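Take a look at the structure set out below.
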Amino acid sequence: MAKEKAGFLWIVVLAFSVHVVHAQSPEALIQQVVNSERTANQNDHSHWIYLEETRKPKEHVLQWVAGTQQGDVRRVLKKDGQNLPEPQQRDLIQKFLHDTRAQNKQISENNHDSQQVDDLLKLLPVAFIWKQTGADATNTFLHFEPAPGFHPPTREARVFSSMAGDLSFDNQQHRIRSMSGHLIHDVNFGGGLLGKLKEGSSFSFEQEQVGQSCWQLTTIHVHLEGNALIFKSISLQQDDERAKFAPAPAAVTLDQAATMVMSQPEVAQLP
């Protein structure tokens, strides 16, 4: 009987949590999600090892990645269909470890992209009209369309605010679980001379909880038709999958990260 009561109470709690989500306006929900994402990003100083597969028009790479404060150490297992022998894997890592210019370039690009993500998160409540399309005990689902009266302050904001799409978030931690969008019309810069992105260009991403209150991107799909650069570390055409996340020490060094990626198993593909 006690077990049945506990089960009943758990169902009531879940139902109440879903009701609370439904009771909030879509605008309040997305603001709560943005606040949670920004706070988490600002406070997250963790480092992770993970397996990554990246596909671009002229490049296909499978690699282990270990993050550090000085940059990401990458052990390339496979490139463009060819397995790299271990000595070559080590040579590429050592080349990066002794190239401070490459390290600084990577850090600069990562910082730039982190700032871009924060800027775009801040746009979500003001650049779009939101509509709740569903909810369950775990997630809430929203649809967004461009807000007619919004005036984008930057080129990146102009592209982002010209999209329509869908977003889902976790009800408990208010973290984005998935987001996808597509351009509803062409976006030109300088009459097309400075850049252009075509209608139908799309993006999507997913993230998962990999540790206590820690979420990481697991899937990125970017298919932008045109020539306007937004993120420095992401191609206009790119499909990225990440898996097998494991925490690295907080103060991990580049040398330690190199040892850690070389201790990971040889794999032929993502699971």
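For the residues MET163, MET179, what sequence is obtained by ranking on other C-beta atoms within 10 Å, fewest first? Could you put the intermediate results ahead of the total?
On the way: MET163 21, MET179 18.
Ordered by Cβ neighbours within 10 Å, fewest first: MET179, MET163.
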_Cα-centre dipole for the chain with unit charges at Cβ (Lys and Arg positive, Asp and Glu negative), debye to 20_ = 220
_Less than 11 Å from a label point 7 Å out along the Cα-to-Cβ axis of GLN24: which backbone N atoms in segment 34-49 qualify, by residue?_
34-37
*Cα lying deepest toward the dipole's positive end in the chain, options SER114, ASN171, THR39, charges on Cβ*: SER114
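Could you please rank ARG175, ARG101, ARG90, placing first whichever residue has the fewest other Cβ atoms within 10 Å of its Cβ? Don't jump to the answer; show the numbers that get you there.
Values: ARG175 18, ARG101 7, ARG90 14.
Going from sparsest to densest Cβ surroundings: ARG101, ARG90, ARG175.
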*Got a sec? How would TRP64, TRP130 order by Cβ neighbour count within 10 Å, fewest to most?*
TRP130, TRP64
*asked:* Between GLN209 and GLN132, what is the label-point separation in nm under the 7 Å Cα-to-beta-carbon projection?
replied: 2.0
_Show me, for segment 105-111, the HN-Hα J-couplings you get by feeding each phi into the Karplus relation (A = 6.51, B = -1.76, C = 1.60, θ = phi - 60°), rounded to Hz, glycine and proline as x._
5, 5, 4, 4, 5, 5, 5
*Given 20 °C and 1.002 mPa s, how large is the Stokes-Einstein diffusion coefficient of segment 199-271 in µm²/s, with Rh as the Kirkwood radius over Cα pairs?*
143
_Rounded FRET efficiency, nearest 0.05, which uses the C-beta distance separating ALA251 from HIS223 and R0 of 51 Å_ = 0.85
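Obtain the radius of gyration and the Kirkwood radius of the chain from its C-alpha atoms and give Rg over Rh.
Details: Rg = 21.0 Å, Rh = 20.7 Å.
So for the chain, dividing Rg by the Kirkwood Rh gives 1.01.
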*List the equivalent ellipsoid semi-axes of segment 26-108 in whole Å, largest first, each obtained as the square root of 5λ for an eigenvalue λ of the Cα gyration tensor.*
32, 18, 11
*asked:* Connecting C-alpha atoms closer than 10 Å in a GNM of the chain, tell me which of HIS60, HIS112, HIS98 has the biggest fluctuation.
replied: HIS98
*Counting pairs of alpha carbon atoms under 8 Å apart in space and at least six apart in sequence, what relative contact order in percent does the chain give?*
23
*Theoretical ellipticity at 222 nm over the chain - DSSP helices of four or more residues, -39500 (n - 2.57) apiece, nearest 500*: -11500 deg cm²/dmol
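Given LYS56/LYS198; LYS122/LYS198; LYS56/LYS95; LYS78/LYS196, which pairs have Cα atoms separated by over 26 Å?
Details: LYS56/LYS198 19 Å; LYS122/LYS198 24 Å; LYS56/LYS95 23 Å; LYS78/LYS196 33 Å.
Beyond 26 Å between Cα atoms: LYS78/LYS196.
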*Of PHE96, PHE169, PHE160, which is the most mobile in a GNM of the chain whose springs link Cα atoms less than 10 angstrom apart?*
PHE96
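Read the figures in this text as sums done on the coordinates, not as results from a lab. All figures in this text were calculated on a predicted structure; none of them were measured in a lab. Glycine also receives a Cβ, built like all others from the backbone with ideal geometry; neighbour counts cover every protein chain displayed.
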